[in-house]
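The values are calculated or read from the model by the stated rules, or taken from the named source; none is laboratory data. Worth saying up front: this structure is predicted, and the values here are computed from it rather than measured. Neighbour counts are summed over all protein chains in view; Cβ atoms, including those assigned to glycine, are modelled from backbone coordinates with ideal geometry. Side chains are part of the model used for accessible areas, which takes the heavy atoms of the whole protein and leaves out ligands, DNA and RNA. Shrake-Rupley method; radii C 1.70, N 1.55, O 1.52, S 1.80 Å.
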Amino acid sequence: MNAHNTSMAIGVEEDPDYVDPIEITILRQQRGVLIHDIIPSQIIPHLTCLTRTDEGRILTAENKGSTIDGALTLLDLLVKKRTEWYEDFLKALRNDEVKLGHLAASLEEGVEKGRQSEAQKDGIRTFEGGYSEGESAAGNLKSPPSPDTAHKQYSTKLIPRFSQEHRGRIGPEIAHTFSSAGYIPDDPPPPYTSGSFIENQGQPLRGAEEDLGTSPSQSVVNIYIHKDAKIQSLQIGDHNVLEAERKQDNAVSHTNTEDDEPIEDDGDVYYTAPEVQKDVTQGNGEVEKCTLEMSKMLTNQTSSTVAGSIQKVIVTPNYEELIPRSYQEELGGPACRGLNSIICAPTGTGKTHVAMMIAKRHMENALASQARKGFTTSGAKVIFLVHRIPLLNQTYKRLKMYLPLFEIGKLSGASSSNVTFEKLVEINDIIITTTDILKNSLKHGKSSMSTFSLIIIDECHHAMKNHPYNIIMAQYLKEKFDNKSSLPQIVGLTASPGTGSNSELGAARDHILKLCANLDAGEFVTVKNPRNKAELEKFVTDPDKVTTITTPRNPDPFRGKVEEIMANIEGKANFTNVCPPRGTQPYETFIILQRDEAIANKNHETAQCCDHLNEYNKGLLTSDVCRMSDGLLNIDEFYNERRRRGQHKNTPMEDYLYRLYRSNSGDLFEASDKENDHPNPKVVALKQALKQEVQEKGNDFRGIIFVKTRVLASAVLDCIKEDQELQMLRPSRLTGVKTAGDESMTQAEQDSNLRKFADGDCKLLIATSVAEEGLDIKECHMVIRYNYATNEISMRQARGRARATQSKEHFIGDEELASKDHVNVFLDQQMEKAIQMVQGMPREDFLNAVLDTQKSVIDERSEKELTMRLKRGENEASTVKLFCRGCDEFVFFGNNVYLYGESSHIIKDMNIIECKIEFREHTDKKKRDKGIKKIYCKVCSQDWGNTLPSGYPVVKIESFTLEYADGSRKRIKKWKSADFTLDVLQRLPPFKKKTK
């Protein structure tokens, strides 16, 4: 593992890597030969690690299929044994009756080479697995170093950090202090023991496995501490469990002064702890109940300072058998027969298990087919598409746990890996990735549909309009109608296909037919068998529905003052149309339209007024749902940021608007301080609902509050944290990762908060729509949709998070949204009827309807693409002027912007860079550490984007106003909407600014 590619600081970081033991890795590489040569009925009598049930399943597979099918089942069961299966397998292969000693020799040779290769990587040796005292390497574990070698490589001093009570409560972690004192205990903790040694008054007591109850076959979490690490502290909750500083070179440590000459374990230390046993259950939460205490330790710590010291947390999965339930077999039946299908089942019923079953059988069939022809490779590739990063990590863990016979890789836009998507596809059997990764690879011709044999699409109801799922499937349909062969099988998963907001039953049916057409589905599958339905219902919860309709805050001194300011600005803007009510979504829409009209008419002052009015409107929207102080915070931050950038005096209008706010800010703060006198009825209802549920459920309570925006999530979180009666819930938020700003989250923060919620460290999540779909959030007693009602799909998905028995679905909001919620209930009922209509269609009629819809969709898309090409052809990039959004100064022409890579729109003209762009340090430390800077307008400090690590500026189109040759103007949010063509750069020269 390359240290430079995987380094990460202690703290909230990526999930651990799940790495298989070398024995399983080598067996997987040689599986083709093994399944071809092994005759299960001959080798079974000599495998002592198999149970009678195992033997029966293997022989059944052999008798119903072939020896190859039986061998596949044997290997799958074998590698999931927690005993010494590897030695048992080698011994059986060498048995005189089996006569497959050459296979045993090949496995041993591969394993030995693999161990040597791992030991040489970056001078680091990994020990995945534990050993009881006095035991030698066995099974899937690596050989430990000698005590003498351990003394040379590890200099440690133990200190008492845990009391007996603390160990029992926290789990089996062991804390070491790596001291600069040069002291080595008589029995230093070698890296190969399970958890090393227990501390007792500063002295090593005995092998940890005795006290911790761990077995040699349990996985061990390895934290690699780089030789330059200086770790000050590491915490679990409020408990500081690790204080360490990298030992300096001295007489007792094994050192080497030649930096370029790798030596074994030069200066690197290990901290190991046994993995907590996983309690894996399938349904009613979709699979995994697992707490990795060491991973938790990394993500929960609160005061560490590390400079790239922790390289990676490596976890060996606890493998589990994939045993589908009867209703899951029914759901996956058509797909297992090779048919394109959409699988629809309620949340919490294990659709991911169904997908794994389909992928497993697909790969096994391909392997068996190739083996019968004498080939050792499968020729199959499965890609699992998700549209959110947390879903990617969750799916990856499950696949690693259940499908060890197959190489599994993952990649997202947030990944730090340097491995390309195309290389990932080449080296893996199953790939989990986010939609944009595959979409861009197809777009640039780096991969094709024929690369894959099976595509599984999670939350496939999104495959409509311009969603990346639908763009990917548009490429599939194009190749289908071009009569291209080798198209992959398509399988979609959803809990709710929706109605397309159509209340009329026929239109709702057509919506589902269009989804089938977009996914080329020949089957829309639900559970129909009565016995299977009864089984399914055991895993579906039906939470009690509670609706609380609230009234606005009255009186509302904050709203009164804000509306007074807004009326002043509206007068300056000279709007010709009547404004909708302020503090509403229609008002925001109105302001955007007015701004666009002002831009088109080159009325820069009106456009500036609109930008400010939009911020006041956001403040009112926040105040109406939360506290007055939360609404004021949004407005105040807007003006503080403009002052920091120096934008508050760019133009006379900007200066007027800034002074208008400052002259009224005192009154605004005074009004917002009267929250106790004029509380928000919505907030009061929310807190009452939470307190009542906590009183009933006690310490077992888990809840999720769904809100519309990231800003609201932060506001509600602060509001609950400040209530002493609710602080015991230790609330956290869960929002998206794409938008920059204080309210956005990193992938690691998302993972951390989800783990806290699963472990009970956090009992309440305040979430946006990111938590509605697919995430394995179990045992949730209450779901509150807080002034939040979108569509019937969102409603069903949110309701499905309430999976505990006697759970509640609570809507709290104003009368208008409550009415919308009632409409969604009706649409959900119409959806069920529409599904039955689709499934009741004669087979030929259904297929013809799908085909006709596909042809219509392709024609519509072709027309749109032609229109866009013509539009882009009409506008020469050299004639399009880009003006700064902040000061309306001309900056550059369209042909000064180049497309570099897949999505970077860069400026390489040094005159523009020197004269127009101001470079500043990035506020995001991660980007700053990579050499990325922020770029601003030199005139008005308008944010224009970031730089590449190389230094070239990458501009965002939303920061500019476009002016065309005919004098017309407009703004767009995305570069993909630009109606002129950019030149493409394949490579960039070194970035060198002029020296002054």
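Which links in K708/K938; K360/K808; K708/K763; K439/K976; K881/K926; K484/K855 stretch past 25 Å when you go from one Cα to the other? Listed pairs above 25 Å: K708/K938; K360/K808; K881/K926. The mean accessible area for residues of segment 660-799, using a 1.4 Å probe and ignoring ligands and nucleic acids, is 38 Å² per residue. Of the residues T547, T395, ranked by 1.4 Å probe accessible area with the largest first, the sequence reads T547, T395. Per-residue 3J(HN,Hα) values for segment 600-610, derived from phi via the Karplus relation 6.51 cos²θ - 1.76 cosθ + 1.60 with θ = phi - 60°, read 4, 8, 6, 9, 5, 5, 5, 4, 5, 4, 4 Hz in sequence order (x marks Gly and Pro). For C344, the accessible area of its heavy atoms, probed at 1.4 Å with every protein chain present, is near 10 square angstrom. For I784, the residues 5 or more places off, or on other chains, whose built amide H falls under 5 Å of its own are I704, I705, F706, H810.
Could you give the distance between the Cα centres of segment 568-600 and segment 75-91, to the whole Å? Taking the Cα centre of segment 75-91 as reference, the centre of segment 568-600 is 70 Å away. Within straight-line reach of K99, meaning a Cα separation under 22 Å, sit the following lysines at least 8 residues removed in sequence or on another chain: K91. Cβ-Cβ distance of D673 and N640, R₀ of 22 Å, FRET efficiency by 1/(1 + (r/R0)^6): the value works out to about 0.75.
Site pair K993 and E902 shows an inter-label distance of 3.0 nm when each label is modelled 7 Å from Cα along Cα→Cβ. In sequence order, segment 63-75 has phi-based couplings of 6, 6, x, 7, 4, 5, 5, x, 5, 4, 5, 4, 5 Hz under the Karplus curve 6.51 cos²θ - 1.76 cosθ + 1.60, θ = phi - 60°, and Gly or Pro positions carry x. Take segment 815-872 with all the other protein chains still there, run a 1.4 Å probe, and you get 66 Å² of accessible area per residue. Accessible-area rank, largest first, for R885, R52: R52, R885, with all protein chains present and a 1.4 angstrom probe. Close amide H partners of K410, meaning residues 5 or more places away or on another chain with modelled amide H under 5 Å apart, are I432. If R0 is 60 Å, the Cβ-Cβ spacing of Q695 and S856 corresponds to a FRET efficiency of close to 0.60. Kindly flag which residue pairs out of K80/K538; K465/K916; K871/K930; K397/K514 have an alpha-carbon separation exceeding 31 Å in this structure. In this structure, K465/K916; K871/K930; K397/K514 lie more than 31 Å apart at Cα. Relative to the 2.2 N^0.38 Å rule of thumb, segment 345-448 has a C-alpha radius of gyration ratio of 1.12. Give the separation of the Cα centroids, segment 488-535 to segment 322-351, in Å. Cα centres, segment 488-535 to segment 322-351: 13 Å.
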